[in-house]
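For reference, the structure discussed in these notes is given below.
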Amino acid sequence: MQNDRDIIHIESLYKSFGDFRVLDGLDLSLERDRVNIIIGRSGGGKSVLIKHIIGLLKPDSGRILVRGEDIVPLNEGEMARVRKEFGMLFQEAALFDSLNVHENVAFPLHEHTTKSYSEINEVVQAKLAAVGLQGMDKKMPAELSGGMRKRVGLARALALEPKIVLFDEPTSGLDPVMAAAINELIQRTRQEFGATCIVISHDIDATMKIADNISMLYEGKIIARGSPAEIRENSDPVVRQFIRGEAQGPIKVN
Amino acid sequence: MRSILGWLGHQFLGLLQELGRIMVLLLQALSWLGRPPFRIRLYFKQMEFIGVNSLFVVALTSLFTGMVLALQTFYAFSMFGAEPLVGATVALSMTRELGPVITGLMVTGRAGSAICAEIGTMRVTEQVDALTVMAINPVQYLVLPRIVAGVIMLPLLTIISDAMGILGGYLVGVQLLDIHGGMFMNKIQEHVTLADVYNGLIKASVFGGILTLVGCYKGFYTRGGAEGVGRSTTQAVVMSSVLILVSDYFLTALMF
Ligand SMILES: Nc1ncnc2c1ncn2[C@@H]1O[C@H](COP(=O)(O)OP(=O)(O)O)[C@@H](O)[C@H]1O
Ligand SMILES: [Mg+2]
């Protein structure tokens, strides 16, 4: 089933926490050099899915192929090698709260490159400018709003110009203008660095605009996958209800 | 009766399991010893935090411990005219026992709890995961420097503690209770050997390892938000204190 264009390929992934099944035989393909967007309900397991892709969680069963290599059986040392190709923005940003904004963004550069301080400073300034936070270097994470923290997290995730970037709800909690700017940044990340973007999003309008392909997660499975146009035309009542944001339909509010 | 035994058994198994997990974390941390990258700054930062910042509270508590020891032993010893031995008693108690134990317990309260709260907060806010995602091993980055700092700094603090305790004993014994100063010091020299001092320092090293390891362990496996951080911090302090006192007994039995 695996396609040459797929950079990540997931087969029958199962994950439960105790008796609570979150991923229920999920299959998913994510394309190289594309913006892949995963949509689904809150609490539906999107963050759990993305944590499996980067090896923070191990599945109960199933395979996760990154460039054809199954990462499920890898140990921590081997996983560290795979992770160097990834950048990740956490849903709550996960900034180091003992470090200021500049140090947070510089952190992966100090750790994984031999760049000098001035070279690192240049990269940090460029990344902060890209997320609209120039001049905020000295602020501590506790002094920032949720949206600003998220943008610092984004700058940090992009600092090493990774080949695969995972974005966990990059625009939730941002005002519409900033959300649009971040969406543009995601597209630019793909175009300029040729990175594969994997985005979790609630924002249907933006998803339709920037996605190359969309996968919908529902009850532990991917129930629909396709281009924005295909998803919009999808006849599955669950997908239709979700895309249109309607209270009435097969998805129960509880 | 049976249910009490069952409950005890359950608790005991739980404790064993926890000690096992702590040992696993220790071995993981030690496996990174001497492996690059070294990040010397992290070690110095922890040594400052655990050692330098605990200096005042350790010195103060030790001073008063020495003072009260002198007061108590003076009354007992004066019953059979052994007042000059007060100094030696204080010095032996401090170097062999109270210096390391007081230092261990004070640093547990000051730094062990803070280590747990800091790492626990990093865990529940996904900062530990963020390290992992950046291909930085969190045990190497967070746990090892703290354990090393504890093992190195506790003996140094204990030297201060011993000295302050003896000073306290001197102040009370000689200045307040009129023991002859020369006799006081002579008896200390006569009865306290170097082995008393360095065995005490070895104990202190072990306590430093225990309180940092337990703090890291409880922080590392924290669950459940801010409330969880509070819970594991309390547990870390209780568990470290208990382990310090229990291991103190066995170390003493082995050494002296
Ligand atoms: N480490 C964990 N332990 C137990 N349950 C978890 C854990 N992580 C996530 N869950 C549960 O899995 C479900 C999916 O969570 P999540 O992936 O965060 O949802 P979302 O789609 O909103 O990102 C939630 O019900 C959550 O409570
Ligand atoms: Mg989520």
Worksheet, complete the sentence: The answer for chain B, accessible area per residue at 1.4 Å probe in Å², is 48
Worksheet item: Given chain A, what percent of its DSSP beta bridges are antiparallel, to the nearest 5?
Response: 55
Item to complete: Take the alpha-carbon centre of the range A:178-227, take the same for the range A:1-73, and report the distance between them in whole Å.
Response: 16
Worksheet item: Hey, if we sort B:177, A:128, B:5, A:160 by accessible area with the 1.4 Å probe, largest down, what's the order?
Response: B:5, A:160, B:177, A:128
Response to the item:
The rounded separation in angstrom of the Cα centers of the range B:193-234 and the range B:49-120 is 18
Discussion item. Rolling a 1.4 angstrom probe over the protein chains, ignoring ligands and nucleic acids, what is the accessible area of residue B:185 in square angstrom, nearest 10?
Written reply: 90
Practice prompt. Can you sort A:86, B:12 by 1.4 Å-probe accessible area, starting with the largest?
Written response: B:12, A:86
Worksheet item: What do you reckon, how do A:232, A:32 stack up by accessible area (1.4 Å probe), largest on top?
Response: A:232, A:32
Practice prompt. Enumerate the amide H contacts of residue A:7 below 5 Å, restricted to partners 5 or more residues apart or on another chain; note that Pro and chain-start residues carry no placed amide H.
Written response: A:30, A:31, A:32
Worksheet item: Efficiency by 1/(1 + (r/R0)^6): what FRET value for residue B:5 and residue A:187, r their Cβ-Cβ distance, R0 = 51 Å, to the nearest 0.05?
Response: 0.15
Worksheet item: Under unit Cβ charges (Lys, Arg +1; Asp, Glu -1), what dipole magnitude, rounded to 20 debye, does chain A have relative to its Cα centre?
Response: 160
Response to the item:
Note on the range B:185-249: contact order normalised by length, alpha-carbon pairs under 8 Å, 6 or more apart, percent, works out to 33
Worksheet item: Using the beta-carbon distance between residue B:15 and residue A:230 and R0 = 41 Å, what value does 1/(1 + (r/R0)^6) give for FRET efficiency, to the nearest 0.05?
Response: 0.10
Fill in: the range A:90-161, relative contact order in percent, only Cα pairs under 8 angstrom and at least six apart counted
52
Discussion item. Beyond a 22 Å Cα-Cα separation, which of these cross-linked pairs lie in this structure: A:15/B:218; A:84/A:115; A:51/A:150; A:138/B:45; A:127/B:45; A:51/A:221?
Written reply: A:15/B:218; A:127/B:45
Worksheet entry | Solvent-accessible area of residue B:252 with every protein chain in place, 1.4 Å probe, in Å² to the nearest 10 | 40
Response to the item:
A correct Stokes-Einstein calculation for chain B, using the alpha-carbon Kirkwood radius, 20 °C and 1.002 mPa s, returns a whole-number D in µm² s⁻¹ of 109
Worksheet item: Which value, in square angstrom to the nearest 100, describes the accessible area buried between chains B and A on both sides, using a 1.4 angstrom probe?
Response: 1500
Worksheet, complete the sentence: With all protein chains present, chain B has a carbon and sulfur share of its accessible area (1.4 Å probe) in percent of 71
Discussion item. Which trypsin sites (Lys or Arg not before Pro) in the range B:199-252 sit in a loop by DSSP (not H, G, I, E or B) and have at most 15 other Cβ atoms within 10 Å of their own Cβ?
Written reply: B:223
Item to complete: Tell me the trypsin sites (Lys or Arg not before Pro) within the range A:48-108 that lie in a loop according to DSSP and have at most 15 other beta-carbon atoms within 10 Å.
Response: A:67, A:84
Discussion item. Given contacts defined as C-alpha pairs under 8 Å and at least six residues apart, what's the relative contact order of chain A, whole-number percent?
Written reply: 25
Item to complete: Enumerate the calculated ³J(HN,Hα) couplings along the range A:134-145 in order (Karplus 6.51 cos²θ - 1.76 cosθ + 1.60, θ = phi - 60°), each rounded to whole Hz, writing x wherever the residue is Gly or Pro.
Response: 5, x, 9, 3, 8, 5, 8, x, 5, 8, 9, 6
Worksheet item: Charges only on Cβ, +1 for Lys and Arg, -1 for Asp and Glu: so what's the dipole of the range A:90-161 about the Cα centre, in debye to the nearest 20?
Response: 200
Discussion item. Need one number: % antiparallel among DSSP beta bridges in the protein assembly as shown, to the nearest 5.
Written reply: 55
Fill in: Within a Gaussian network of chain A (alpha carbon springs, distance under 10 Å), most fluctuating of A:23, A:89, A:99
A:99
Discussion item. How charged is the neighbourhood of residue B:217? Take every other residue with its Cβ under 12 Å from the Cβ of residue B:217, and add Lys/Arg as +1 and Asp/Glu as -1.
Written reply: +3
Worksheet, complete the sentence: Highest GNM mean-square fluctuation among B:52, B:151, B:101, for chain B with Cα springs under 10 Å, belongs to B:52
Item to complete: Express the carbon and sulfur contribution to the solvent-accessible surface of chain A as a percent, rounded to the nearest whole number, probe 1.4 angstrom.
Response: 47
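The values are calculated or read from the model by the stated rules, or taken from the named source; none is laboratory data. All of these numbers come straight from a predicted model, not from anything done at the bench. Glycine also receives a Cβ, built like all others from the backbone with ideal geometry; neighbour counts cover every protein chain displayed. Heavy atoms of the whole protein, side chains included, go into the accessibility calculation; ligands, DNA and RNA do not. Shrake-Rupley method; radii C 1.70, N 1.55, O 1.52, S 1.80 Å.
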